[in-house]
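Have a look at the structure below, then the notes.
The values are calculated or read from the model by the stated rules, or taken from the named source; none is laboratory data. For clarity, every value in this text was computed on a predicted model and none was experimentally measured. Counting neighbours? That spans all protein chains shown, and the Cβs are built from the backbone with ideal geometry, glycine included.
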């Protein structure tokens, strides 16, 4: 039986590959982006309260009204933005689903979408599954900033959209207000739409501000903004996210959404709605910055190269040129098998598998987990590159 190939990616995702390798070799998993510490007890209790209170049947297609209202109030408080909970907010089973459904709501065969690389590995398959073409534009390493001349050169009459990710996975770079203005200047006289992946929006460090596409009045009218409760409240297994877009785009999104998922986990929606109304929520950015700083302190004892401190997200990129000349995938596999620490190589985040000899660590872990991982890697200080 011959089945069609819906996208150009082969095999399973690098996250599946490295997590499976970590399990096989009993390695500490600093590859996939998930915390290993408990969620807030109040949030866990609210999930139990939801089930006990009979919030167990289908929710409305757009999401529980109480959750959409809580999100609107949260954005008013944090961004001073006015959102229409009924017409602009849709609850989704995670952010990756939201990205795919947003693309599906408008892409047609022959369209092009600009992707800034390195990029989260679902973007290009999502684009290709809709019959469109990904046009890859590299960010400028090692700071992974945008080269706006390259973006401008990539725009053609077929360009239908561009996908943005800030704070960035895997690089940890963060867009400035000037970046959004540069984008606005480029798309102003086009019909390009924007997918803005902002799942790490509250995990931002060193006093920086997260600038959302929703804060730019001009861009907001042509944008889908994607968010994740899992990344903010450390409950990635709940697979809960939401999409904010103007009414026209929200209608198009829901036209697709109603025939894919339709209704999202009702008890989790209730729990999140109630949790967002708590008087004091954990300072998630401060918590994750503490973990980043502690991990960077530990890494100073190892021969990795740190070109910059991550400005946001769960992740820190490191070069390994002082340790090995292996390609990054082979190095990550070697580190997992021989040292018991799993990471993610950067080359799978590029359409041409560009290899800058860098790996990505996830530091969203307990301190004891980070300490154990670094302890296992201490032997790297005695490794000679000549053996490779």
Any chance the stretch 122-135 includes a residue that's under 18 Å from residue 196 (Cβ atoms), surrounded by fewer than 16 Cβ atoms within 10 Å (Cβ to Cβ) and touching a helix residue (DSSP H, G or I) at 6+ places or on another chain (Cβ under 8 Å)? no
What is the residue count in the stretch 341-367 for residues that are surrounded by 18 or more Cβ atoms within 10 Å (Cβ to Cβ) and under 18 Å from residue 299 (Cα atoms)? 14
Any residue at all in the stretch 53-73 that is assigned by TED's automatic domain parsing to the domain that holds residue 190, closer than 18 Å to residue 230 by Cβ, under 21 Å from the mean Cα position of the chain (by Cα) and in contact (Cβ under 8 Å) with a residue 40 or more places away in the chain? yes
Of these, 209, 231, which one is out of contact with any helix residue (DSSP H, G or I) (no Cβ under 6 Å at 6 or more places or on another chain) and under 16 Å from residue 74 (Cβ atoms)? 231
For the stretch 257-275, how many residues are over 22 Å from the mean Cα position of the chain (by Cα) and surrounded by fewer than 19 Cβ atoms within 10 Å (Cβ to Cβ)? 4
Can you tell me which residue in the stretch 23-35 is surrounded by the fewest Cβ atoms within 10 Å (Cβ to Cβ), limited to those that are over 16 Å from residue 169 (Cβ atoms) and in contact with a helix residue (DSSP H, G or I) (Cβ under 6 Å, 6 or more places away or on another chain)? 25
So which residues in the stretch 160-177 are surrounded by fewer than 21 Cβ atoms within 10 Å (Cβ to Cβ) and in contact with a helix residue (DSSP H, G or I) (Cβ under 9 Å, 6 or more places away or on another chain), if there are any at all? 177
For the condition loosely packed, with under 15 Cβ neighbours inside 10 Å and either at pLDDT 95 or above or at positive phi (or both), what is the one hit in 62, 52? 52
Please go through the stretch 178-194 and give me each residue that is assigned to a helix (DSSP H, G or I) and touching a helix residue (DSSP H, G or I) at 6+ places or on another chain (Cβ under 8 Å), ordered by number. 180, 182, 183, 184, 186, 187
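The rows are residues; the columns are (1) under 24 Å from residue 21 (Cα atoms); (2) not assigned by TED's automatic domain parsing to the domain that holds residue 355; (3) not in a helix (DSSP H, G or I).
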| residue | (1), (2), (3) |
| --- | --- |
| 289 | no, no, no |
| 294 | no, no, no |
| 307 | no, no, yes |
| 318 | yes, no, yes |
| 325 | yes, no, yes |
| 330 | yes, no, no |
| 336 | yes, no, no |
Number of the condition not met by residue 239 [criteria: (1) within 30 Å of residue 108 (Cβ to Cβ); (2) crowded, with 23+ Cβ neighbours inside 10 Å; (3) under 14 Å from the mean Cα position of the chain (by Cα)]: (2)
Can you name every residue in the stretch 1-46 that is over 17 Å from residue 366 (Cβ atoms), in contact with a strand residue (DSSP E or B) (Cβ under 9 Å, 6 or more places away or on another chain) and in contact (Cβ under 8 Å) with a residue 24 or more places away in the chain? 8, 14, 15, 18, 19, 21, 25
Any chance the stretch 31-41 includes a residue that's closer than 14 Å to residue 229 by Cβ, in a helix (DSSP H, G or I) and modelled with pLDDT of 95 or more? no
Test: residue in the stretch 339-361 that is within 29 Å of residue 78 (Cβ to Cβ) and either without any contact (Cβ under 8 Å) to a residue 40 or more places away in the chain or in a strand (DSSP E or B) (or both): yes
